[in-house]
Structures are given as structure tokens and as C-alpha cells.
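Below: the structure, in C-alpha cells.
The values are calculated or read from the model by the stated rules, or taken from the named source; none is laboratory data. The model shown is predicted, which means the values in this text are computed figures rather than measured ones. Quick reminder, even Gly has a Cβ in these numbers, built from the backbone with ideal geometry, and neighbours come from all protein chains shown. Side chains included, ligands, DNA and RNA excluded: accessible areas come from the protein's heavy atoms. Shrake-Rupley method; radii C 1.70, N 1.55, O 1.52, S 1.80 Å.
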Amino acid sequence: MIGILGGGQLGRMLALAAHRLGIGVRTLETVADAPASSVSELYVGSFDDVDALDRFAKGLSAVTYEFENVPVGAAQHLAEHVPVYPPPSALEVAQDRWAEKRLFRSLGIDTPAFAIIDDDASFEKALREVGLPAVLKTRRGGYDGKGQYVVKTLLEARQAYQELGRAGLILEEFVHFDRELSLVAVRSQEGESRFYPLVENHHREGILRQTIAPAPGVTPAVEAVADIWAKRLLDHWNYVGVFAVELFAIGDKLLANEIAPRVHNSGHWTMEGAEVCQFENHLRAVAGLPLGSTAVRAPTTMINLIGQIPDRASILSLPGAHLHLYGKEPRPGRKVGHINIRVVPDADHAEVVQQALRRAQSDPT
Ligand code: AMP
């Protein structure tokens, strides 16, 4: 049996993939009605409670996690008793934007210009080094665009600096990117890595709305750069499992923004679009099984369902559309499911995507 820290939608989709392989799943969550509760043995407890962690770990063959804000101490504690994949060292770096960008640099991975801010002096220095416009971010704890401000003027920069607490920050060059791409990759316990193709991501209000897989117009040279960067990171950590790198593309030039040491929203298209999906490949890696093919079965567009659940029939009647709901109560800004639309013969894919977008915004049933 495999343990998953966190029982959100990623935990749920991991559990569903595990069931297909005959692998049992136990999840640790702080709430009882988490999305994974209906498909796994759910333990309710705090990630900071050593006794709860020990109870959870009893009898497990490996532990993984589905969100990157798992306390590193909890992962390290568990690692004393049971293999924890991905390694807690990857989790630690992913939780700190500064450590992450420094690691990128040390591995020869290009990033936007950045500087650390811990007091007034380092704030002034960062402004001189990075310049404006820039993005001021908290080093820790930000997600989905929270804990960050785009600052265009000195006044805006000073306001954001006060707002974000004047320490534990990073200032990044504002990148006028053409588009945002990401790469999902998987590495096995034997050190074999496989890469899904680069995909194109569209965000609004800091939340991923749509992924186009594979990203159109990516040259083999650009794809190779992304694969090499991902491999350097995976090998650096002796990583096991799936991870994602988020990138900015300016023409054929890539800059790394951040990594996620887990299955990733921009990899949801793989459920119907790839030979073996990211959830199954993560499980295969964690369970010490052979990795599956990351090849594309059909180009796929993934649409996130945010804040409302559309009428099922209206989505399922669209050619090539597959619906995934997470068992969550709709709330504004909350991801409650996604639609994967595969390119199928005899259907106008662009038109089907437009219809799905319209229908996804219809009233919940
Ligand atoms: P992050 O939390 O770092 O993933 O940032 C959330 C979103 O903000 C990204 O997906 C980008 O759309 C935007 N963003 C973040 N950093 C930058 C940057 N340095 N320049 C331009 N846009 C950025």
C-alpha cells in the first residue's frame, strides 16, 4: 500500500490510477471530506503531528505527496521509516523561490534576473540589479498568483514591499514572454527519465485555465533544451516520480520560472492524450515498476472547471470530450474538475473547444 500526503484532486486522481494497478492507497488529510476520501483509506490528522504521521506510515511500502506545501519536517520524519518519493530535498527547494532559482542557475538553467530581499538595504539593491518593471514575490507560500505583485514604478514597488512584509521576498525581472509552457517528466528508481512534450498554458487571475498539448510550433531544439534542463534537475535530486517545470518562452528562448515536485495541473491532458498518464507514471515510479510511454496518443486541450460544475451531458455530447470531476463543492475560484478534449477525426477541434468553454461557464446543475 502506498501513502499520499494530501487528499485533494491530485491525490484522488493518483488513487484512481493506483487502483487500476491493484495498488492500495492511504491518504493523510486535515479534513475528512477531501476529494480523495471516496477512493482511498483516508486518515485525518495534522502533518505536524508525529504520532499521526507514524500511524499513517504503518505498513506502507512508500509515501508520496500531492502538494508542495507539505512540511519538509514531516517528509523527513517519514523518510526515516519508509521510502519517500519524490525526495524531501526536492520539496525543500520547491518551497523557496530563491533556493529554486539559485539551483536553476547552478545547473545552467536560464531564469529571469532575480534578487533576494530581506531588509531595506537588500530591497534597494534588488531594485538596482533587477530594475523595473518587476514582480515582487514572497519566497514561500505563494500559489496561483497569490503573494505577488507586478510593480511598474518605484512607488508601486515600495507599496508592495510594505504589503508583503519587507522580508522573505524575491524581486524578479518582469518577463515579456510570448507564452507560458511547461514540461512534465518522470524519473524511475533506476534513474530512467521520460518526458511528456512541452505544453502551452493559459492563465487568468493567476489560475491555470487551459492547456494545449502538445504546445503548437515547438521546434525539436527547444524541446531538447527543456528536456535537458528537466533531466539536470531530476538527476540532481536523484528524483523518483513525476515533476513539472514551468517555463516562459520568448521566441525560441526559454526561461525557467518554477518547478512542482508532484503531478501537475498542466499534465492532466495526459489522462486521455498520452499513452500512459502522469498519475499512473508517478505511481509506477513510486512503486518501483517500469515507466510507461509518455508518447502522445492524440493532441488534447485541457480546460479547467473553476467555480462551477457544468451540465455533464452538455460536455459529454461534444466529440472527443472527457469529463473529470473531483467531488468538490463549487466555490468561486475553486478547481472542481477538468475537461480533456482530444482531437478526433471528423470534428473541428477549435470549434469543439469553444463550445466546451461556453458550456463550462453555464450554470451548475
Ligand atoms: P508563479 O506563482 O511564479 O507561477 O507566477 C504566477 C504567474 O504570474 C505566472 O504563471 C506568470 O503568468 C506570472 N509571472 C510570474 N513571474 C513572472 C515574471 N517574472 N514575469 C512575468 N510574469 C510572471
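When the criteria are applied in full, K101 fails the requirement of being open to solvent by less than 40 Å² (accessible area, probe 1.4 Å), of a type in the set (K, R) and part of a strand (DSSP E or B). Yes or no: the range 135-154 includes at least one residue that is more than 11 Å from the ligand (Cβ to nearest atom), on the phi > 0 side of the Ramachandran plot and either open to solvent by 30 Å² or more (accessible area, probe 1.4 Å) or of a type outside the set (S, T, Y) (or both). No, there is no match, as no residue in the range 135-154 is more than 11 Å from the ligand (Cβ to nearest atom), on the phi > 0 side of the Ramachandran plot and either open to solvent by 30 Å² or more (accessible area, probe 1.4 Å) or of a type outside the set (S, T, Y) (or both).
Of all positions in the range 46-55, none carries a residue that is open to solvent by 10 Å² or more (accessible area, probe 1.4 Å), part of a loop (DSSP other than H, G, I, E, B) and more than 27 Å from R140 (Cβ to Cβ).
When E92 is tested against (1) open to solvent by 40 Å² or more (accessible area, probe 1.4 Å); (2) among the acidic types (D, E); (3) within 11 Å of the ligand (Cβ to nearest atom), just one condition goes unmet, and that condition is (3).
For the range 247-271, a residue qualifies if it is outside any strand (DSSP E or B), open to solvent by less than 10 Å² (accessible area, probe 1.4 Å) and away from the ligand (no atom under 11 Å from the Cβ), and the qualifying residues are P261, V263, G267, H268, W269, T270. Has the range 101-110 got at least one residue that is within 14 Å of the ligand (Cβ to nearest atom), among the hydrophobic types (A, V, I, L, M, F, W, C) and under 23 Å from S89 (Cβ atoms)? Checked against the condition, which is being within 14 Å of the ligand (Cβ to nearest atom), among the hydrophobic types (A, V, I, L, M, F, W, C) and under 23 Å from S89 (Cβ atoms), the range 101-110 yields at least one hit.
For the range 317-342, how many residues are touching a Gly at 6+ places or on another chain (Cβ under 7 Å), buried (at least 18 other Cβ atoms within 10 Å of the Cβ) and either part of a loop (DSSP other than H, G, I, E, B) or at pLDDT below 95 (or both)? Adding up the residues that qualify gives 1. Take the residues in the range 166-211 that are polar (S, T, N, Q) and part of a strand (DSSP E or B); name whichever of them is farthest from the ligand (Cβ to nearest atom). So the residue we want is S193.
Look at (1) touching a residue at least 24 places away in the same chain (Cβ under 8 Å); (2) open to solvent by 20 Å² or more (accessible area, probe 1.4 Å) and you find that I117 fails only one, number (2). Has the range 58-81 got any residue that is more than 18 Å from the chain's Cα centre (by Cα) and hydroxyl-bearing (S, T, Y)? Yes, some residue in the range 58-81 is more than 18 Å from the chain's Cα centre (by Cα) and hydroxyl-bearing (S, T, Y).
In the range 56-80, the residues that are assigned by TED's automatic domain parsing to the domain that holds T27 and open to solvent by 50 Å² or more (accessible area, probe 1.4 Å) form Cβ pairs under 9 Å with partners that are part of a loop (DSSP other than H, G, I, E, B) and of a type in the set (G, A, S), at six or more places apart or across chains, as follows: S61/A287; S61/G288; F67/G6; F67/G8; N69/G6; N69/G141. Taken over the range 215-239, the criterion of being in contact with a strand residue (DSSP E or B) (Cβ under 6 Å, 6 or more places away or on another chain), more than 15 Å from the ligand (Cβ to nearest atom) and open to solvent by less than 50 Å² (accessible area, probe 1.4 Å) is satisfied by A226, D227, A230, L234, Y239.
Of all residues in the range 50-96, those satisfying the criterion of being of a type in the set (D, E, K, R) and in contact with a helix residue (DSSP H, G or I) (Cβ under 8 Å, 6 or more places away or on another chain) are E66, E68, E92. Within the range 61-98, the set of residues being among the charged types (D, E, K, R) and in a helix (DSSP H, G or I) comprises E92, R97.
Of the residues that make up the range 291-312, is at least one among the polar types (S, T, N, Q), more than 30 Å from N238 (Cα to Cα), open to solvent by 30 Å² or more (accessible area, probe 1.4 Å) and more than 16 Å from the ligand (Cβ to nearest atom)? Scanning the range 291-312, I find at least one residue that is among the polar types (S, T, N, Q), more than 30 Å from N238 (Cα to Cα), open to solvent by 30 Å² or more (accessible area, probe 1.4 Å) and more than 16 Å from the ligand (Cβ to nearest atom), so the answer is yes. Screening the range 156-165 for residues that are part of a helix (DSSP H, G or I) and free of Cβ contacts under 8 Å to residues at least 40 places away in the same chain and picking the one that is most open to solvent (accessible area, probe 1.4 Å) gives E163.
Among the residues making up the range 104-155, those that are over 17 Å from A256 (Cα atoms) and assigned to a helix (DSSP H, G or I) are D120, A121, S122, F123, E124, K125, A126, L127, R128, E129, L154, L155. Residue count for the range 122-153 under the criterion of being touching a residue at least 60 places away in the same chain (Cβ under 8 Å) and either of a type outside the set (S, T, Y) or closer than 9 Å to E172 by Cα (or both): the result is 4.
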